[in-house]
Amino acid sequence: KEYIKDIAIRRERVEVLKDLPLINRTIQYTELDALTQNEYDGEVSEFVSWWNEKVIGGEEEDFDTQQNLLAKLARMRHITGLAKIPATVDYVVNFIEDTDRKMVVFHHHKDVGELIYRELIDKLPGISVLRITADMTSEERYNTQVEFNKLDQCVLIGSTLASGEGLNLQTCADCIMHERQWNPANEEQAEGRFIRIGQTAT
(Lines give C-alpha, C1' and ligand atoms only; values in the text may rest on other atoms or scores of the structure.)
Protein backbone atom coordinates (compact mmCIF):
# COMPACT_ATOMS: atom_id res chain seq x y z
CA LYS A 1 0.00 0.00 0.00
CA GLU A 2 2.79 2.42 0.96
CA TYR A 3 4.87 1.46 -2.07
CA ILE A 4 2.15 2.24 -4.65
CA LYS A 5 0.54 5.23 -2.88
CA ASP A 6 1.59 7.68 -5.64
CA ILE A 7 -0.07 5.71 -8.43
CA ALA A 8 -3.00 3.92 -6.81
CA ILE A 9 -5.45 4.32 -3.96
CA ARG A 10 -5.64 1.15 -1.93
CA ARG A 11 -8.05 1.04 0.98
CA GLU A 12 -8.13 -1.51 3.76
CA ARG A 13 -11.39 -3.05 4.94
CA VAL A 14 -11.25 -1.20 8.28
CA GLU A 15 -11.07 2.14 6.43
CA VAL A 16 -14.02 1.43 4.11
CA LEU A 17 -16.39 -0.54 6.31
CA LYS A 18 -15.73 0.72 9.82
CA ASP A 19 -18.81 -1.02 11.27
CA LEU A 20 -17.65 -4.53 10.40
CA PRO A 21 -16.26 -6.57 13.30
CA LEU A 22 -12.61 -7.25 13.94
CA ILE A 23 -11.10 -10.72 13.79
CA ASN A 24 -9.94 -12.31 17.02
CA ARG A 25 -7.60 -15.25 16.49
CA THR A 26 -6.56 -17.72 19.17
CA ILE A 27 -4.23 -20.68 18.79
CA GLN A 28 -4.92 -24.11 20.27
CA TYR A 29 -1.90 -26.38 20.54
CA THR A 30 -2.37 -30.13 20.20
CA GLU A 31 0.02 -32.89 21.20
CA LEU A 32 0.42 -35.70 18.68
CA ASP A 33 -0.17 -39.17 20.05
CA ALA A 34 2.92 -41.41 20.29
CA LEU A 35 2.14 -43.39 17.13
CA THR A 36 1.55 -40.28 15.02
CA GLN A 37 4.59 -38.56 16.50
CA ASN A 38 6.75 -41.53 15.46
CA GLU A 39 5.28 -41.44 11.96
CA TYR A 40 5.84 -37.69 11.72
CA ASP A 41 9.41 -37.93 13.06
CA GLY A 42 10.11 -40.67 10.51
CA GLU A 43 8.88 -38.43 7.69
CA VAL A 44 11.03 -35.56 8.97
CA SER A 45 14.15 -37.76 9.17
CA GLU A 46 13.55 -39.11 5.68
CA PHE A 47 13.00 -35.56 4.39
CA VAL A 48 16.22 -34.26 5.97
CA SER A 49 18.28 -37.12 4.53
CA TRP A 50 16.73 -36.66 1.09
CA TRP A 51 17.28 -32.88 1.14
CA ASN A 52 20.89 -33.22 2.28
CA GLU A 53 21.57 -35.57 -0.64
CA LYS A 54 20.06 -33.06 -3.06
CA VAL A 55 22.11 -30.18 -1.64
CA ILE A 56 25.36 -32.18 -1.69
CA GLY A 57 24.63 -33.23 -5.28
CA GLY A 58 23.80 -29.65 -6.30
CA GLU A 59 20.26 -30.65 -7.29
CA GLU A 60 18.29 -28.50 -4.85
CA GLU A 61 17.17 -26.08 -7.59
CA ASP A 62 16.10 -28.78 -10.08
CA PHE A 63 12.42 -28.82 -11.05
CA ASP A 64 11.93 -32.44 -9.95
CA THR A 65 13.52 -31.69 -6.59
CA GLN A 66 11.27 -28.70 -6.03
CA GLN A 67 8.18 -30.76 -6.93
CA ASN A 68 9.20 -33.52 -4.54
CA LEU A 69 9.96 -30.95 -1.86
CA LEU A 70 6.36 -29.73 -1.89
CA ALA A 71 5.03 -33.29 -1.93
CA LYS A 72 7.11 -34.27 1.11
CA LEU A 73 6.07 -31.17 3.05
CA ALA A 74 2.43 -31.84 2.11
CA ARG A 75 2.77 -35.36 3.50
CA MET A 76 3.86 -33.96 6.88
CA ARG A 77 0.97 -31.50 6.86
CA HIS A 78 -1.46 -34.32 6.09
CA ILE A 79 -0.19 -36.39 9.01
CA THR A 80 -0.79 -33.51 11.42
CA GLY A 81 -4.21 -32.80 9.89
CA LEU A 82 -5.31 -36.36 10.60
CA ALA A 83 -3.77 -36.32 14.08
CA LYS A 84 -5.65 -33.19 15.18
CA ILE A 85 -9.12 -34.54 14.35
CA PRO A 86 -9.98 -35.72 17.91
CA ALA A 87 -8.99 -32.34 19.40
CA THR A 88 -11.06 -30.41 16.84
CA VAL A 89 -14.08 -32.68 17.28
CA ASP A 90 -13.92 -32.32 21.09
CA TYR A 91 -13.61 -28.54 20.77
CA VAL A 92 -16.63 -28.30 18.45
CA VAL A 93 -18.76 -30.60 20.62
CA ASN A 94 -17.98 -28.54 23.74
CA PHE A 95 -18.62 -25.30 21.83
CA ILE A 96 -22.04 -26.47 20.63
CA GLU A 97 -22.99 -27.77 24.09
CA ASP A 98 -21.85 -24.57 25.86
CA THR A 99 -23.23 -21.95 23.45
CA ASP A 100 -26.21 -21.33 21.20
CA ARG A 101 -23.98 -20.34 18.29
CA LYS A 102 -22.88 -21.88 14.99
CA MET A 103 -19.42 -23.12 14.08
CA VAL A 104 -17.55 -23.60 10.79
CA VAL A 105 -14.56 -25.94 10.54
CA PHE A 106 -12.24 -25.31 7.60
CA HIS A 107 -9.96 -28.12 6.42
CA HIS A 108 -7.59 -28.75 3.52
CA HIS A 109 -7.48 -32.50 2.84
CA LYS A 110 -10.62 -34.24 1.62
CA ASP A 111 -10.27 -37.27 3.91
CA VAL A 112 -9.68 -35.03 6.93
CA GLY A 113 -12.92 -33.18 6.23
CA GLU A 114 -14.80 -36.45 5.73
CA LEU A 115 -13.56 -37.86 9.04
CA ILE A 116 -14.44 -34.68 10.97
CA TYR A 117 -17.88 -34.69 9.35
CA ARG A 118 -18.57 -38.32 10.29
CA GLU A 119 -17.34 -37.85 13.87
CA LEU A 120 -19.54 -34.79 14.41
CA ILE A 121 -22.60 -36.48 12.89
CA ASP A 122 -22.06 -39.24 15.46
CA LYS A 123 -21.33 -36.98 18.45
CA LEU A 124 -23.92 -34.25 17.83
CA PRO A 125 -27.27 -36.00 17.44
CA GLY A 126 -30.04 -33.48 16.86
CA ILE A 127 -27.64 -30.84 15.50
CA SER A 128 -27.38 -30.31 11.74
CA VAL A 129 -23.86 -30.95 10.43
CA LEU A 130 -23.46 -29.62 6.89
CA ARG A 131 -20.51 -29.62 4.55
CA ILE A 132 -19.12 -27.89 1.50
CA THR A 133 -16.67 -29.80 -0.67
CA ALA A 134 -14.70 -28.98 -3.79
CA ASP A 135 -16.75 -31.38 -5.93
CA MET A 136 -20.07 -29.65 -5.20
CA THR A 137 -21.69 -27.50 -7.87
CA SER A 138 -22.17 -23.78 -7.26
CA GLU A 139 -25.90 -24.44 -6.81
CA GLU A 140 -25.23 -27.11 -4.16
CA ARG A 141 -22.89 -24.75 -2.32
CA TYR A 142 -25.48 -21.98 -2.47
CA ASN A 143 -28.20 -24.28 -1.11
CA THR A 144 -25.92 -25.35 1.74
CA GLN A 145 -25.20 -21.70 2.52
CA VAL A 146 -28.95 -20.93 2.62
CA GLU A 147 -29.64 -23.89 4.93
CA PHE A 148 -26.73 -22.94 7.20
CA ASN A 149 -27.94 -19.33 7.50
CA LYS A 150 -31.53 -20.45 8.25
CA LEU A 151 -30.58 -22.65 11.20
CA ASP A 152 -30.14 -21.24 14.71
CA GLN A 153 -27.39 -23.68 15.62
CA CYS A 154 -25.40 -26.02 13.39
CA VAL A 155 -21.91 -26.94 12.23
CA LEU A 156 -20.49 -26.56 8.73
CA ILE A 157 -17.44 -28.51 7.59
CA GLY A 158 -15.88 -26.76 4.62
CA SER A 159 -12.87 -27.08 2.39
CA THR A 160 -10.90 -23.85 2.91
CA LEU A 161 -10.34 -23.45 -0.83
CA ALA A 162 -13.87 -24.44 -1.88
CA SER A 163 -15.45 -22.25 0.81
CA GLY A 164 -13.11 -19.30 0.47
CA GLU A 165 -15.13 -17.27 -2.03
CA GLY A 166 -18.71 -16.58 -2.98
CA LEU A 167 -20.33 -17.61 0.32
CA ASN A 168 -22.10 -15.37 2.81
CA LEU A 169 -21.95 -16.90 6.28
CA GLN A 170 -22.50 -13.75 8.34
CA THR A 171 -24.97 -15.56 10.61
CA CYS A 172 -21.90 -17.23 12.14
CA ALA A 173 -18.95 -15.65 13.93
CA ASP A 174 -16.81 -18.64 14.93
CA CYS A 175 -14.56 -20.89 12.88
CA ILE A 176 -11.66 -23.30 13.23
CA MET A 177 -8.80 -23.44 10.74
CA HIS A 178 -8.14 -27.14 11.30
CA GLU A 179 -5.38 -27.27 8.68
CA ARG A 180 -3.36 -24.13 8.03
CA GLN A 181 -2.89 -22.90 4.49
CA TRP A 182 0.53 -22.23 3.00
CA ASN A 183 -0.90 -19.08 1.42
CA PRO A 184 -2.30 -16.85 4.21
CA ALA A 185 -4.61 -15.13 1.70
CA ASN A 186 -6.61 -18.37 1.43
CA GLU A 187 -7.33 -18.26 5.17
CA GLU A 188 -8.25 -14.58 4.98
CA GLN A 189 -10.67 -15.37 2.15
CA ALA A 190 -12.30 -18.02 4.33
CA GLU A 191 -12.54 -15.65 7.31
CA GLY A 192 -14.09 -13.10 4.98
CA ARG A 193 -17.21 -15.29 4.72
CA PHE A 194 -18.21 -13.99 8.19
CA ILE A 195 -17.14 -10.36 7.91
CA ARG A 196 -20.19 -9.28 6.00
CA ILE A 197 -22.98 -6.72 6.29
CA GLY A 198 -25.46 -8.27 8.72
CA GLN A 199 -22.83 -9.71 11.06
CA THR A 200 -23.94 -8.90 14.62
CA ALA A 201 -20.92 -10.21 16.55
CA THR A 202 -18.29 -7.72 17.60
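The values are calculated or read from the model by the stated rules, or taken from the named source; none is laboratory data. Remember, predicted model here, so these are calculated numbers, not experimental data. We place every Cβ from the backbone using ideal geometry, glycine too, and count neighbours over all the protein chains shown. Just the protein is used for accessible areas: all its heavy atoms, side chains included, with ligands, DNA and RNA removed. Shrake-Rupley method; radii C 1.70, N 1.55, O 1.52, S 1.80 Å.
Taking only the alpha carbons of the stretch 43-103, we obtain Rg and Dmax values of 19.0, 59 Å in that order. Using just its DSSP H runs of length 4 or more, each adding -39500 (n - 2.57), the chain gives a mean residue ellipticity at 222 nm of -15500 deg cm²/dmol after division by all residues.
Think of the chain as having a plus end and a minus end, set by charges on the Cβ of Lys, Arg, Asp and Glu; of ALA83, ILE7, MET103, ILE7 sits farthest toward the positive end of this dipole.
In the full protein context, the stretch 31-146 carries 60 Å² of accessible surface per residue, based on a 1.4 Å probe and ignoring ligands, DNA and RNA.
Here's how it looks for ILE157: its modeled amide H is under 5 Å from those of VAL105, LEU130, ARG131, ILE132, which are all 5 or more places away or on a different chain. Carbon-plus-sulfur fraction of the accessible area of the chain, 1.4 Å probe, in percent? Of the solvent-accessible surface of the chain, carbon and sulfur hold 50 percent. Applying both filters, DSSP loop and at most 15 other Cβ atoms within 10 Å, to the GluC sites (Glu not before Pro) of the stretch 140-190 gives GLU165. Residues whose amide H comes within less than 5 Å of that of ALA173, counting only those at least five positions distant or on another chain, are LYS102 (H built at 1.01 Å from N in the peptide plane). Between ILE27 and ASP98, residue separation times 0.36 nm minus the direct Cα-Cα distance comes to 23.6 nm. In units of the rule-of-thumb radius 2.2 N^0.38 Å, the chain shows an alpha carbon radius of gyration of 1.20.
Straight-distance candidates among the lysines for linking to LYS110, with alpha-carbon spacing under 28 Å and chain neighbours fewer than 8 residues away dropped: LYS72, LYS84, LYS102, LYS123, LYS150.
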